[in-house]
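The values are calculated or read from the model by the stated rules, or taken from the named source; none is laboratory data. No experiment lies behind these values; they were computed from the predicted model shown. For neighbour counting, all protein chains shown are included, and Cβ atoms are generated from backbone atoms with ideal geometry for every residue, glycine included.
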Amino acid sequence: MSEIQTESTKKKQFTTLLDNNALGRLERMRLNSVKKMTNRRQGEHLSGKGGTSTEFSDYRDYAPGDDMRYVDWNIFARLNRPYIKQYRYEEEMNVVILIDASSSMNQGNKFFLAKQIAAACGLMGLMNFERVSLYVSHQESEDPLFFPPCTGRASRSKLFQFLENIEGGGDAPVDYAIESLLKRHRGRGIVILLSDFLTWGNIARSFNLLFSAGLEIFATQILSPEEIDPELAGDLRLIDSETGGTLDISSAGDLLGIYQEHRHHLEVELSQECRRRQGRFLSLSSGIPVNDILFDLFHRKGWVR
Amino acid sequence: MSWLNFSTLANAWLFLLALPLILFYFLKLRRPHKEVSSLVLWQQVMDDQRVNSPFQKFKKNLLLLLQLLLLCSLILASMQPFIQASSEQEDSLPILIDCSASMGSIDSSGKSRLDVAKDELKDFINKLLPGQRISLISFHSTARRLTEFTDNKRVLLKAVDSLETVDVPGKLEDALRLCEAMSRVTTIKTVYLLSDGNLPNKTDFELPFSINYQKLPTASFNIGITECNARRANEEGWDLFIRVEGNSDVPVSAKVEIWNGLGKVAEDTVLVSKELPQRVNFRLNVDIEASFQVKLISDGKDSLEVDNYASIKIPKIRKLQVFVSEDLTGFRHALNGISGLVFHSEKNEADHPPEFDLLFTDKTSDDKYPSKIRFNIGLVPEDLKSTLNIETGDSGVEIIDWLRNSTLLQHVNLGEVISTDVPTTAEGSGSETYEEAGYEIFAHSTTGPVLLGKRDNSQLNYYLLFHTDRSTFPYRVGFPVLVNNLVQIAMQEASLTEVHGEKTGALVLNKLIPGVEYIVSGPNGFSQTIKKEEDSSSPIISALKAGEYRIKSDSDETKIIGVSLLNSHETLLKTVESIQFSELSVDVAKEKIKKDQPTWKYFAFFGFLFLIVEWWYFQRRPGRRLAT
């Protein structure tokens, strides 16, 4: 009986990536951009500039030529001076999601978690009428898989379907994927990078390119528990899952301390690179439940509101 | 001390085992494959490690290094390494162990000198190196080889355990002669002497080897009886003299008790110090044979127990039994003036005692009469007949020299004695011929000896080599003096004037019936069966322990002889720092016996240590990680 119920409950799930409860909660959440980099097209995302939305922003002195309709007559009556009432300008914001689908992301639960976070962020963007586009870097020799910009609730199912169908196992490094993304993408907004950032390339250069393109960086490093806390001992031959390259190490137990130093250093470096460009950085373990990330960690870090 | 040496150097070949070890190590080094998401971090780790760790290559093969160290340690241990104590290793080393009475003296810790010596010996034996053999020789008044040259530690340790002190003074000669005999078949460079130093400071021996004289620490204070004599006081009693000596600087009081079979007879208290030995006199009114035991009870410490007891047997007071041949009227006249004598001659054989105390004869036929002292007049000993001949000359012979300080010739002037009997030594013979035959020349003329003496076991024989009837001797003043001296000697030999406490060592068993088997039992389970043969001298047993020796037979009553140490040198625990030998003197070694130090156990320990480290290194958990 319970199995039947479970089966029926499963069938009702909107997507295999996130349960319906989570989707419901996500629909009421919103990505919290710091720089408010928006397109000039009117949208629902409040830009930093003054505008004609209904949301009050500030007062300023009246200047000749100002639209008389925005004079606050109540204040004029009390102070006998004209003040112009200002409103926030709601513009459209691009939400670009880049998923690293290289082989390194296949380790542990990393790639699935990336897809879950992408689904969540994409949903938040769609439900807030942002222009959500998705790039999946797979093979270096091919262009990234592309989910064209779309907005609105109607695009939810297409987004989830796209995410459910993508597979990892590529060989394209994340820096290459960013460059490929920028070749196609136009528009300001935020870029959510979901990768382990284990690349031989220059990630700082890629971040510069993103910043120059008017994209605020939301970098999420996803590492598996085995990468965070490897249990290696003795003499080993390590094989790179992406390139197939090998590296012989001896007394692996002795090297773990140095490994942790370098992993920590990479984390700090990525964080600094993001902060320099007014972006955000978060390092996650693929062992953490996605709900904890979305509804707790993202809130605490100010990624969503 | 020199650097490390190896007893089994051939085992160095085992170092070749390192080659297969290295080979197998690298063959074994087929690394397990491990797929990681990316080598980015690991490559950085390796680059960093190469820069910061110059001993990376060393660390990479740490396991191999540990295995090589383990192998080396085990091989070195199997090579029997040792630190050589001296420049030359003694392959065959005799060790002389003093087992004399003084070695039984205990120190403040309650350990005897022999116990200390045993400890040192056991330590030495336990550190014996392969190829090194030792022979243990115990010595006291004589020497006994306990073991052949051997490296069998079990045999050696068993021999050491069997060592025990005997109650006799220590003498070194026999032990050294034993070593000399051993050196004829085995090369001996050095002999170790382990003693408390209570030895004679002079030893008549030419050393063919060097002696390492190891002197044990001396014991503390000791007090003991060093003399026990009795002298006849009158017809009914004896004076008993006890000499008590001690080595304390301050006077120590002690009680001297005299016991017989019925109980305590007398006692006295003495104060004894090193500078103040005491002589105690007791009057014993006994006219029968009686044994007395002397006990010394010290009020202070006393490190040697054996010298606190002495025993003396007082003989029955009787007259001297003198046999004078019928023809020797001159001697009979001379003897008549001396009281306390009973005369016998060939005539009244029925009244003869079993043994005479003194016998004067000029006939060989009187040899059938046993006597303690036999004075032969005009008779040549059988064994000297080829050397000595008594000729009759007209001019006679004059005595030119004699031993004036001997007991026999004390106050005897032989200067004007002329005899027509001329004792003449055969050509080619000299005084050494007599000495070799065991004779002592008391007087001699220009042609040869005129008075000889020889002790055959318990019998003392004197030979006057001219007949008094054919000389002027009976008419000289010296004649009765000589006879009187003989009587005095006979009195002493018969223990009628003076008796001494029997000392440990050789014990002569007098008055045994020939042909009868006796069982002699003594202290420490001593038991020996002896039988005196007809016409043989009195048997001698080796009484090495102080105490009572019981002589028992089926036909004769049990006799008891008390034997005591009675040795001042042993009691005073005198030690010598240097022993003078014939050509050189040997001082006490300044250093203790240097023992070669086997070090295999250290290498074995290091091997074990390397094994533990290797095990830990192989089995350890990954090191601590930084917090993420």
* To do: Return yes when B:Ala266 is modelled with pLDDT under 90, within 30 Å of B:Lys319 (Cβ to Cβ), outside the structural domain of B:Glu548 (by TED's automatic domain parsing) and hydrophobic (A, V, I, L, M, F, W, C) and no when it is not.
  => no
* Structure fact -> Out of (1) in a strand (DSSP E or B); (2) over 31 Å from the mean Cα position of the chain (by Cα), the one B:Ile519 does not meet is (2)
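Can you list the strands (runs of 3 or more DSSP E) found entirely within the range A:235-305 that contain at least 1 residues being under 19 Å from A:Leu194 (Cα atoms), modelled with pLDDT of 90 or more and of a type in the set (Phe, Trp, Tyr)?
Values: elements: A:236-240, A:246-249, A:280-285.
Ranges flagged: A:280-285.
Which residues, taken from the range B:120-172, are of a type in the set (A, V, I, L, M, F, W, C), farther than 16 Å from B:Tyr192 by Cβ and outside any loop (DSSP other than H, G, I, E, B)?
Our first condition is that a residue be of a type in the set (A, V, I, L, M, F, W, C); within the range B:120-172, this holds for B:121, B:124-125, B:128-129, B:134, B:136-137, B:139, B:143, B:146, B:149, B:155-157, B:159-160, B:163, B:166, B:168, B:172.
Next cut, farther than 16 Å from B:Tyr192 by Cβ only: B:155, B:157, B:166, B:168.
Within the range B:120-172, B:Val155, B:Leu157 meet the criteria.
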* Residue by residue through the range A:177-214, note down the ones that are more than 14 Å from every other protein chain (Cβ to nearest Cβ) and either without any contact (Cβ under 8 Å) to a residue 60 or more places away in the chain or among the basic types (Lys, Arg) (or both). => A:Glu179, A:Ser180, A:Leu182, A:Lys183, A:Arg184, A:Arg186, A:Arg188, A:Arg205, A:Ser206, A:Leu209, A:Ser212, A:Ala213
* Taking A:Phe129 as the residue in question, decide whether it is more than 14 Å from chain B (Cβ to nearest Cβ), crowded, with 18+ Cβ neighbours inside 10 Å and aromatic (Phe, Trp, Tyr). => no
* Out of all the residues in the range A:266-285, is one or more of a type in the set (Gly, Ala, Ser), under 30 Å from B:Gln619 (Cα atoms), touching a residue at least 12 places away in the same chain (Cβ under 8 Å) and within 14 Å of chain B (Cβ to nearest Cβ)? -> yes
* Asked: Identify, please: which residue in the range A:168-189 is part of a loop (DSSP other than H, G, I, E, B) and in contact with a Gly (Cβ under 9 Å, 6 or more places away or on another chain) and is, among those, surrounded by the fewest Cβ atoms within 10 Å (Cβ to Cβ)?
  -> A:Gly187
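Run down B:Ser537, B:Ser527 and say which single residue is touching a residue at least 24 places away in the same chain (Cβ under 8 Å), of a type in the set (Gly, Ala, Ser) and at negative phi.
Residue meeting the stated conditions: B:Ser537.
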* Within the set of pairs 6 or more residues apart or between chains, which connect a residue that is under 13 Å from A:Ser33 (Cβ atoms) inside the range A:287-305 to a residue that is basic (Lys, Arg) and assigned to a helix (DSSP H, G or I) with Cβ atoms less than 9 Å apart? -> none
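Checking the condition in the same structural domain as A:Ser141 (by TED's automatic domain parsing), more than 27 Å from A:Asn94 (Cβ to Cβ) and not aliphatic (A, V, I, L, M), which residue from A:Gly201, A:Gly187, A:Gly244 passes?
Working: A:Gly201 fails: more than 27 Å from A:Asn94 (Cβ to Cβ); A:Gly187 fails: more than 27 Å from A:Asn94 (Cβ to Cβ).
From the options A:Gly201, A:Gly187, A:Gly244, the qualifying one is A:Gly244.
For the range B:558-571, indicate whether the set of residues that are more than 21 Å from the chain's Cα centre (by Cα) and surrounded by 16 or more Cβ atoms within 10 Å (Cβ to Cβ) is non-empty. Talk me through it step by step, then tell me what you get.
First pass over the range B:558-571, keeping only residues more than 21 Å from the chain's Cα centre (by Cα): B:558-561.
After this cut, where a residue has to be surrounded by 16 or more Cβ atoms within 10 Å (Cβ to Cβ) as well, the list is B:559, B:561.
Scanning the range B:558-571, I find at least one residue that is more than 21 Å from the chain's Cα centre (by Cα) and surrounded by 16 or more Cβ atoms within 10 Å (Cβ to Cβ), so the answer is yes.
Evaluate the following for B:Gly263: is it loosely packed, with under 12 Cβ neighbours inside 10 Å and farther than 30 Å from B:Thr218 by Cβ?
On the way: loosely packed, with under 12 Cβ neighbours inside 10 Å: yes; farther than 30 Å from B:Thr218 by Cβ: yes.
Criteria met by B:Gly263.
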* Give the residues of the range A:190-219 that are among the charged types (D, E, K, R) and in a loop (DSSP other than H, G, I, E, B), sorted by residue number. => A:Asp196
* Does the range A:99-120 include one or more residues that are touching a His at 6+ places or on another chain (Cβ under 8 Å), part of a loop (DSSP other than H, G, I, E, B) and within 14 Å of another protein chain (Cβ to nearest Cβ)? -> yes
* Here are B:Ile530, B:Ile519, B:Ile551: which of them is in contact with an Asp or Glu (Cβ under 8 Å, 6 or more places away or on another chain), farther than 23 Å from B:Ile242 by Cα and either in the same structural domain as B:Glu164 (by TED's automatic domain parsing) or aliphatic (A, V, I, L, M) (or both)? -> B:Ile530
* To do: Determine the pairs where a residue that is under 13 Å from B:Phe375 (Cβ atoms) and of a type in the set (Asp, Glu), located within the range B:345-365, has a partner that is modelled with pLDDT of 85 or more and part of a helix (DSSP H, G or I) with Cβ atoms under 6 Å apart, the partner being 6 or more residues away or on another chain.
  => B:Asp357/B:Ala490
* Asked: Among the residues of the range A:134-153, is there at least one that is closer than 20 Å to A:Ala219 by Cβ, part of a loop (DSSP other than H, G, I, E, B) and assigned by TED's automatic domain parsing to the domain that holds A:Met105?
  -> yes
* **One residue from A:Arg280, A:Arg305, A:Arg263 being within 18 Å of B:Ser37 (Cβ to Cβ) and either touching a strand residue (DSSP E or B) at 6+ places or on another chain (Cβ under 9 Å) or not hydroxyl-bearing (Ser, Thr, Tyr) (or both)** => A:Arg263
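Let's see how each residue does on (1) surrounded by fewer than 19 Cβ atoms within 10 Å (Cβ to Cβ); (2) under 30 Å from B:Pro32 (Cα atoms); (3) of a type in the set (Val, Ile, Thr):
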residue	(1), (2), (3)
A:Ile239	yes, yes, yes
A:Asp248	yes, yes, no
A:Ala252	no, yes, no
A:Glu261	yes, yes, no
A:Leu294	no, no, no
A:Phe298	no, no, no
A:Lys301	yes, no, no
* Asked: Residue check, A:Asp254 against (1) within 14 Å of another protein chain (Cβ to nearest Cβ); (2) without any contact (Cβ under 8 Å) to a residue 12 or more places away in the chain; (3) under 20 Å from A:Tyr176 (Cα atoms), all met but one. Which one?
  -> (3)
* Asked: Within the range B:52-86, which residues are modelled with pLDDT of 70 or more, surrounded by fewer than 16 Cβ atoms within 10 Å (Cβ to Cβ) and either within 14 Å of another protein chain (Cβ to nearest Cβ) or assigned to a loop (DSSP other than H, G, I, E, B) (or both)?
  -> B:Leu65
* Asked: Based on what the data block shows, is A:Ile222 of a type in the set (A, V, I, L, M), touching a residue at least 12 places away in the same chain (Cβ under 8 Å) and outside any helix (DSSP H, G or I)?
  -> yes
* Complete set of residues in the range B:393-428 that are within 21 Å of B:Phe479 (Cβ to Cβ), part of a strand (DSSP E or B) and polar (S, T, N, Q) -> B:Ser419, B:Thr420
* Asked: List the pairs whose first member sits in the range B:155-176 and is hydroxyl-bearing (Ser, Thr, Tyr), whose second member is assigned to a helix (DSSP H, G or I), and whose Cβ atoms are under 8 Å apart, counting only residues at least 6 apart or on separate chains?
  -> B:Thr165/B:Ala101; B:Thr165/B:Met103; B:Thr165/B:Gly104; B:Thr165/B:Leu114
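Every residue, every condition in (1) of a type in the set (Phe, Trp, Tyr); (2) closer than 19 Å to B:Lys215 by Cβ; (3) out of contact with any helix residue (DSSP H, G or I) (no Cβ under 8 Å at 6 or more places or on another chain), yes or no:
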{"residue": "B:Leu128", "(1), (2), (3)": "no, no, no"}
{"residue": "B:Glu148", "(1), (2), (3)": "no, no, yes"}
{"residue": "B:Arg154", "(1), (2), (3)": "no, no, yes"}
{"residue": "B:Ala159", "(1), (2), (3)": "no, no, yes"}
{"residue": "B:Pro169", "(1), (2), (3)": "no, yes, no"}
{"residue": "B:Asp174", "(1), (2), (3)": "no, no, yes"}
{"residue": "B:Arg177", "(1), (2), (3)": "no, no, yes"}
{"residue": "B:Glu180", "(1), (2), (3)": "no, no, yes"}
{"residue": "B:Tyr192", "(1), (2), (3)": "yes, yes, yes"}
